[in-house]
Amino acid sequence: MGHVVRMTMTGALGITFVFLVDAMGLFWVSLAGNAQQVAAIGFSFAIQFFSVSSGIGLMIAATALVSRAIGRRERDAARQIAGGAIVIACAVQAVMAACVMMFRYDILELSGATGETLRLAARYLLMTMPSLTLMVIGMVASGVLRAEGDGKRAMFVTLTSGTVSLFVDPLLILGLGLGLDGAAIGLNISRLVLMSAALYFATRVHDLIARPDVASVALHLRPFAWIAVPAILTQMATPFGNYVLTSVLSRFGDDAVAGWAVVGRLTVVAFGGIFSLSGAIGGIFGQNFGAGRYDRLVTTYRDAMIFCSIYTLVVWAALVLATDAVGRAFGLTAPGLEVLWAFTHIGAGAFFFNGMYFVSNAAFNTLGKPARATALTWLRDGVLTLPVAVWLAGIAGAVGVIYAQALLAVVIGVLSAVWGWHYVRNIGIAPPEIDVTTRRGWRDVNRFRRR
């Protein structure tokens, strides 16, 4: 439990600080009193979410492979894997950024943006998408630090980029009067700092990233893709669900979307511990899996669930008390305040079940069954989100979107927790001579189990 808490809270402090600074950027923009600019950030965030989530999927694959190699005491292999992972991740994100930039107007219109809000959101995307490659380098390097177990320096990476944004954003947005353009420039600067800090710690302190070459990339492409492709599909499902929810909520006007934008920032700030939990325990799972310590997989899974319950209760209570103050700070009108209230009083409580889902996904992604995480996520976000959101929005209005999120979190959270627990408890029955780090190895495991 101590290791789970240390790795998670160092990650939580870093990611919470970054998202807090991001929320402050939204606050600086909101001071202009223009709901369209705030709504534009809300629409663009729903699309940026896709790109950031694909980067998270790439980071998950790198963390899993590097941590396994470290657990097997194959440090040179870990360095080669990390170098190849950065090249592959950059290529994927470059294609992603180019596609979003080319079709940004079409994507935004599908999400419900119109008029001046559409123009502002498209401009924001055009200015921020090119820096995705910088961001993914930083994310993969940070994942390598977590694979090594260095949660403290991984936290310093995000703290450094967040601190820069804390000073740069108000200067650009308010001091120089750049408004939404200033927010975009500040985001690009923070991503550059993120990359620089992560690379410094991963290369200079731990020497865990080898200079990539064609042979190394080709060698590790297949095992990397085996984890990364389903992990990306898994991560992409969440922004798809968020995109669907934004589309449903956009029917209730820009004021409601502004409230939704505040909820989005508040979610990642308040529940940074839950979001970081998956990445934190992925390294713990991977090292113990590589070392053959299957008993520690069970205790890690159990302790992570306990952490989820305690963390959610504390944050939920804080959000309920802070609702009025947050609404006033962002200048939300009645429709936006209703959306905010529904989240802080009802939606936030469902994050205990989201935590269950994140823990099980970390186990599946790291321990050889990434397709299960993909199936669970797309069941929630790709299959059920739209009908449930439309149904509850028809009954309760804009706040029905929040209720839909909460209901799906409960259903999928319980299902994934039970499935993940069963898998982790039974993973150690394979004989030690079977290599369970490859696809062939897993086929051998399944044959052994049937016998």
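The values are calculated or read from the model by the stated rules, or taken from the named source; none is laboratory data. Source: prediction; values computed, not measured. All Cβ positions, even for glycine, are placed from backbone atoms using ideal geometry, and neighbour counts span all protein chains on display.
With the structure loaded, tell me whether VAL268 is among the β-branched types (Val, Ile, Thr) and modelled with pLDDT under 75 or whether it fails that test.
yes
Looking only at the range 347-357, count how many residues are within 14 Å of ILE306 (Cβ to Cβ) and within 16 Å of the chain's Cα centre (by Cα).
So the count comes out to 2.
Could you give every pair whose Cβ atoms fall below 9 Å, whose first residue belongs to the range 410-426 and is among the hydroxyl-bearing types (Ser, Thr, Tyr), and whose second residue is not in a helix (DSSP H, G or I), counting only separations of at least 6 or pairs across chains?
Filtered contacts from the range 410-426: TYR423/LEU367; TYR423/LYS369.
Return yes or no: is ALA362 touching a Gly at 6+ places or on another chain (Cβ under 8 Å) and at pLDDT below 85?
Considered against the rule, which asks whether it is touching a Gly at 6+ places or on another chain (Cβ under 8 Å) and at pLDDT below 85, ALA362 comes out as yes.
How many residues are in a helix (DSSP H, G or I), in contact (Cβ under 8 Å) with a residue 60 or more places away in the chain and under 22 Å from LEU245 (Cα atoms) if we restrict to the range 92-114?
Here the count works out to 4.
Of the conditions (1) touching a helix residue (DSSP H, G or I) at 6+ places or on another chain (Cβ under 6 Å); (2) under 28 Å from THR114 (Cα atoms), ALA64 clears all except one; give me its number.
Only one criterion is unmet by ALA64, namely (2).
So which of SER190, SER247 is surrounded by 23 or more Cβ atoms within 10 Å (Cβ to Cβ), of a type outside the set (A, V, I, L, M, F, W, C) and either in contact with a helix residue (DSSP H, G or I) (Cβ under 9 Å, 6 or more places away or on another chain) or in contact (Cβ under 8 Å) with a residue 24 or more places away in the chain (or both)?
Result of the check over SER190, SER247: SER190.
Listed residues VAL168, VAL100, VAL140, VAL87; which is aliphatic (A, V, I, L, M) and within 22 Å of PHE364 (Cβ to Cβ)? Steps first, please.
Values: VAL168 fails: within 22 Å of PHE364 (Cβ to Cβ); VAL100 fails: within 22 Å of PHE364 (Cβ to Cβ); VAL87 fails: within 22 Å of PHE364 (Cβ to Cβ).
Only one candidate passes the filter, namely VAL140.
Check GLU116 against each of (1) surrounded by fewer than 20 Cβ atoms within 10 Å (Cβ to Cβ); (2) modelled with pLDDT under 80; (3) under 21 Å from TRP226 (Cβ atoms) and name the one condition it does not meet.
For GLU116, the failing item is (3).
Of the numbered conditions (1) part of a helix (DSSP H, G or I); (2) more than 20 Å from TRP226 (Cα to Cα), VAL87 fails exactly one; give the number of that condition.
(2)
Any residue in the range 386-399 that is more than 19 Å from VAL263 (Cα to Cα) sitting within a Cβ distance under 6 Å of a residue that is among the basic types (Lys, Arg) and surrounded by fewer than 17 Cβ atoms within 10 Å (Cβ to Cβ)? List the pairs, counting only those 6 or more apart or interchain.
none
Taking VAL399 and the conditions (1) at pLDDT 85 or above; (2) not in a helix (DSSP H, G or I), which numbered condition does it fall short on, given that it satisfies the others?
So VAL399 meets the others, but not (2).
Could you tell me whether any residue of the range 62-69 is without any contact (Cβ under 8 Å) to a residue 60 or more places away in the chain and within 22 Å of the chain's Cα centre (by Cα)?
No: the range 62-69 contains no residue that is without any contact (Cβ under 8 Å) to a residue 60 or more places away in the chain and within 22 Å of the chain's Cα centre (by Cα).
Against the condition of a type in the set (D, E, K, R) and either without any contact (Cβ under 8 Å) to a residue 24 or more places away in the chain or in contact with an Asp or Glu (Cβ under 9 Å, 6 or more places away or on another chain) (or both), how does ARG211 come out, does it pass?
It is false that ARG211 is of a type in the set (D, E, K, R) and either without any contact (Cβ under 8 Å) to a residue 24 or more places away in the chain or in contact with an Asp or Glu (Cβ under 9 Å, 6 or more places away or on another chain) (or both).
Residues are listed down the side, and each one gets a yes or a no for (1) modelled with pLDDT of 85 or more; (2) within 21 Å of GLY151 (Cα to Cα); (3) in a helix (DSSP H, G or I):
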position: GLY279; (1), (2), (3): no, yes, yes
position: ILE284; (1), (2), (3): no, yes, yes
position: GLY292; (1), (2), (3): no, no, no
position: ARG296; (1), (2), (3): no, yes, yes
position: THR300; (1), (2), (3): no, yes, yes
position: SER309; (1), (2), (3): yes, no, yes
position: VAL315; (1), (2), (3): yes, no, yes
position: LEU319; (1), (2), (3): yes, no, yes
position: GLY327; (1), (2), (3): no, no, yes
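ILE60 passes all but one of (1) crowded, with 24+ Cβ neighbours inside 10 Å; (2) farther than 27 Å from ALA210 by Cβ; which number fails?
(2)
Any idea which residue in the range 262-308 is farthest from ALA329 (Cα to Cα), counting only those that are of a type in the set (Val, Ile, Thr) and under 19 Å from the mean Cα position of the chain (by Cα)?
The extreme case among them is ILE284.
I'm checking my understanding of the structure. Among residues of the range 328-340 that are over 13 Å from GLY253 (Cβ atoms) and buried (at least 21 other Cβ atoms within 10 Å of the Cβ), which one is farthest from the chain's Cα centre (by Cα)?
PHE330
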